[in-house]
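The values are calculated or read from the model by the stated rules, or taken from the named source; none is laboratory data. In this text, all values refer to a predicted model and were calculated from it rather than measured experimentally. All Cβ positions, glycine included, derive from the backbone under ideal geometry; neighbour counts span all protein chains shown. Remember, those area values only see protein heavy atoms, side chains included, never the ligands or the DNA or RNA. Shrake-Rupley method; radii C 1.70, N 1.55, O 1.52, S 1.80 Å.
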Amino acid sequence: MAIEYQEKERLFTLHTANSTYQMKVDSYGYLLHLYYGSRVKGSMEYLLTYADRGFSGNPYEVRDDRKYSLDALPQEFPCQGTGDYRSPAFVVRNGNGSYSTKLLYDSCRITEGKYSLPGLPAVYDTEEGETAEGGLRTPASDGIQTLEIVLRDEVNGLKATLLYGVLPGLDIITRAVKVENEGTETVNLLKVQSACLDFLYGDYDLIQFYGRHAMERNFQRTPVAHGAQMIGSRRGTSSHQYSPFVILAEQSATEDQGGCYGLSFVYSGAFKAEVEKDQYNQVRISMGLQDELFDYPLKPGDSFYGPEVALSYSKEGLGKLSRNYHKTFRYHLCRGRYKTAPRPVLINNWEATYFDFTGEQIYNIAKQASELGVEMLVLDDGWFGVRNSDYSGLGDWFVNEKKLGGSLSDLTERIRGLGLKFGIWVEPEMVSEDSDLYREHPEWAFVVPGRKPVRGRSQLVLDFSRREVVDHIYRQISKVLKEASVEYVKWDMNRSIADVYCATAGREDQGAVMYRYILGLYEFLERLHQEHPDLLIEGCSGGGGRFDAGMLYYTPQIWCSDNTDAIDRIRIQYGTSFGFPVSAVGSHVSAVPNHQNGRITPIETRGLVAMAGNFGYELDLNKITEEEKVCVREQIREFRRLWNVIHNGDYYRLTSPFGDSEAAAWMFVAEDGSEALLQAVTLEAHGNPLTTYIRLKGLEPEAFYVDESTGRRYNGAGLMSAGVPLPQLGGEYRPWQLHLKKEE
Ligand code: DGJ
């Protein structure tokens, strides 16, 4: 069983294939965290020690036992006001203005399958419509269970249900929390961290992925020192600046060995992750909603859900940790027709034309693309309202027929006539001041009364916490999708949110608006998913500004970055790979010199890097040379041939582009082990160059593998211990690939 409850000791043990998570209700009713790490048996309660520690207070009910202090004990859901002075997971403001909560154990329930969260994304056991025998159900779907632990505060009437989902085959444990007000007064929720882990001792590093627009998810590893380190977003999106995925790693942990813990927030709005080393050298890490600008009034009878955090532990280093997340998100978070199916190779017109196009030009781009084997045309920004620049038009989701030279259906019919599917760009959450929508409904945008709003890309944010706003935009966009039988949508979001104020909410509700905005976003996306079940939606927020597990529930792929330069992309895709599968990454070949950084790379390199994602093109293929066209045709054939091993295979990082390696290298191994693909790009070039050797991973040591292009035969153990020499490729930014088939 994944979940065991020993009633006498009030001990909860959650087992996955390779990890154990344990907690216990103590004699005073507090829920203490005992252990999370490699799989163990029996009670770990013996790890707790008690001492009389100065300035660490004692709850009243322990009477004269000065050795009992919540300031030193590891807890599962630490609250403000219990004498624990570390950063709490849960803070409220009671009806009388006080900030205390004391949540004590009430009851528990274990059920088969995985809980879901109303209105919020969450990892699932089986997707709706999937059957136990269905093709998409993996062996890892077996034995999934849910544990609910109910805690109550008898003074303010709050009931907190801690939700745990255990996915044993994937080494994933999810956490979320439901808070209900069973009291008589409104209680304001001020901080809700959905997951909190207390470690009794240990030297850890925090690994996190910081960045900026067009340079997202850089790898940073720093020791956890005394004090607190916080990363998060106040931007209303998960953000380019910090990823809502972090790792706490033993300082000795590497790619292939050592203990490490992942925390991935299944939420797309503002978040907070904190790690703190306390006075007793204990470490607390927590993740949840950003508490700044959060002040949620929970009225008597109301309930609130703190979004899910997906936890994973690997004792086999960071590589295994990543693969746990890859598989979980691929099979148990992404949904819909395209969750594991091949996605169309697309051509997007953004970098080819920006706003300056006609229907005829789009058709010509599609025509050339179709001749080279591309499968879908995506019409990016500029097809609607009056939108010839980014100063106007957002909110007016009707087709600009003058610009297209006819209706959208006329254009899509012609494009379909070329054998291509058709996709379209939208940015539903935004409004331009120069738009009919804004002229009619200025109060639908976030603006603080009496103040001028902060503009971002010259646009304002629509208040998606309001049902009528979501409904209006949904109706407009859904109509376009239906009329033109659109098969793909790129959902963009091009600014950080500011001026959060809902014109129809009272003073007391303003602190709930950011959270309700995200619920509105999810509701819109869910409606799209339900009413257009075959639609492929690609998430985007100026590239990777909302690249998070929450979005993956609705959009199985996300445009990884507005930076399309192959070399920068290697770094961005490397950082992304720690928490997210390759199947989630949107990646395109664009023109050179690159529009973001001016770098020139060979088309072969751009192709190889883009193939480690959802492959596509973002340039006018009419403008490339005949030789490049031959190359494009071959790339598409190649991608189709390699798609399965790339998208459904196990991913291994072989070198770090942030380190001092002269080449970036990564590889994929098919789930059934039958083939492997190594991809590499040289990052540096030197006179009289040394040979770079690349050690492979994930192969069967006993097996032999054949490189079909040369007929050369390699032993798996040999490839993993001695590696292969990277050929002298004659310069920087050159690609190399080794595709191996396992001998029967
Ligand atoms: C930002 C996106 O990331 C780009 O790919 C493009 O769609 C533009 N927005 C369009 O405005």
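You will find that of Pro581, Pro533, the residue that is at pLDDT below 95 and out of contact with any Ser or Thr (no Cβ under 6 Å at 6 or more places or on another chain) is Pro533 and no other.
When Asp381, Asp295, Asp356 are checked against the criterion of being open to solvent by less than 40 Å² (accessible area, probe 1.4 Å) and acidic (Asp, Glu), Asp381 stands alone in meeting it. Of the residues that make up the range 133-150, is at least one of a type in the set (Gly, Ala, Ser) and touching a helix residue (DSSP H, G or I) at 6+ places or on another chain (Cβ under 6 Å)? Yes, there is a match, as at least one residue in the range 133-150 is of a type in the set (Gly, Ala, Ser) and touching a helix residue (DSSP H, G or I) at 6+ places or on another chain (Cβ under 6 Å). Looking only at residues in the range 600-656 that are assigned to a loop (DSSP other than H, G, I, E, B) and either within 16 Å of the ligand (Cβ to nearest atom) or in contact with a strand residue (DSSP E or B) (Cβ under 6 Å, 6 or more places away or on another chain) (or both), which one is farthest from Gln257 (Cα to Cα)? Result: Asp620.
Yes or no, residue by residue, for (1) more than 16 Å from the ligand (Cβ to nearest atom); (2) over 27 Å from Arg212 (Cα atoms); (3) of a type in the set (Gly, Ala, Ser):
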{"residue": "Ser485", "(1), (2), (3)": "yes, yes, yes"}
{"residue": "Met514", "(1), (2), (3)": "yes, no, no"}
{"residue": "Pro533", "(1), (2), (3)": "yes, yes, no"}
{"residue": "Ile537", "(1), (2), (3)": "no, no, no"}
{"residue": "Gly545", "(1), (2), (3)": "no, no, yes"}
{"residue": "Tyr553", "(1), (2), (3)": "yes, no, no"}
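When Val592 is tested against (1) away from the ligand (no atom under 16 Å from the Cβ); (2) surrounded by 22 or more Cβ atoms within 10 Å (Cβ to Cβ); (3) among the hydrophobic types (A, V, I, L, M, F, W, C); (4) closer than 25 Å to Glu684 by Cα, exactly one condition is not met: (2). When the range 494-545 is limited to residues that are among the basic types (Lys, Arg) and touching a residue at least 24 places away in the same chain (Cβ under 8 Å), the one that is least open to solvent (accessible area, probe 1.4 Å) turns out to be Arg495. Among strands (runs of 3 or more DSSP E) entirely within the range 205-282, having at least 1 residues that are open to solvent by 20 Å² or more (accessible area, probe 1.4 Å) singles out 215-223, 227-232, 245-250, 271-277.
Restricting attention to the range 406-434 and to residues that are under 24 Å from Lys367 (Cβ atoms) and in contact with a Ser or Thr (Cβ under 6 Å, 6 or more places away or on another chain), the residue that is farthest from the ligand (Cβ to nearest atom) turns out to be Gly419. Scanning the range 361-386 for residues that are more than 24 Å from Met430 (Cα to Cα) and either within 13 Å of the ligand (Cβ to nearest atom) or of a type in the set (S, T, N, Q) (or both) turns up Gln361, Asn364, Gln368, Ser370. Scanning the range 359-378 for residues that are open to solvent by 10 Å² or more (accessible area, probe 1.4 Å) and either more than 12 Å from Thr412 (Cβ to Cβ) or among the acidic types (Asp, Glu) (or both) returns Glu360, Gln361, Asn364, Lys367, Gln368, Ser370, Glu371, Gly373, Glu375.
Residues that are closer than 17 Å to Arg495 by Cβ and open to solvent by 30 Å² or more (accessible area, probe 1.4 Å) were ranked within the range 387-405; the one that is farthest from the ligand (Cβ to nearest atom) is Tyr391. Kindly provide the set of residues from the range 309-354 that are assigned to a loop (DSSP other than H, G, I, E, B) and within 16 Å of the ligand (Cβ to nearest atom), ordered by number. If the condition is that a residue be assigned to a loop (DSSP other than H, G, I, E, B) and within 16 Å of the ligand (Cβ to nearest atom), then Asn349, Tyr354 are the ones that fit.
Yes/no matrix, rows are residues, columns are (1) of a type outside the set (Phe, Trp, Tyr); (2) modelled with pLDDT of 95 or more; (3) open to solvent by 10 Å² or more (accessible area, probe 1.4 Å); (4) within 28 Å of the chain's Cα centre (by Cα):
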| position | (1), (2), (3), (4) |
| --- | --- |
| Asn622 | yes, yes, yes, no |
| Tyr651 | no, yes, yes, yes |
| Ala664 | yes, yes, no, yes |
| Ser674 | yes, yes, yes, no |
| Ala685 | yes, no, yes, no |
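Whenever a residue of the range 661-687 is aromatic (Phe, Trp, Tyr), its partners that are part of a loop (DSSP other than H, G, I, E, B), lying with C-beta atoms within less than 9 angstrom and at least six residues away or across chains, give the pairs Trp666/Ala612; Trp666/Leu654; Trp666/Thr655; Phe668/Ala612; Phe668/Gly649; Phe668/Gly698.
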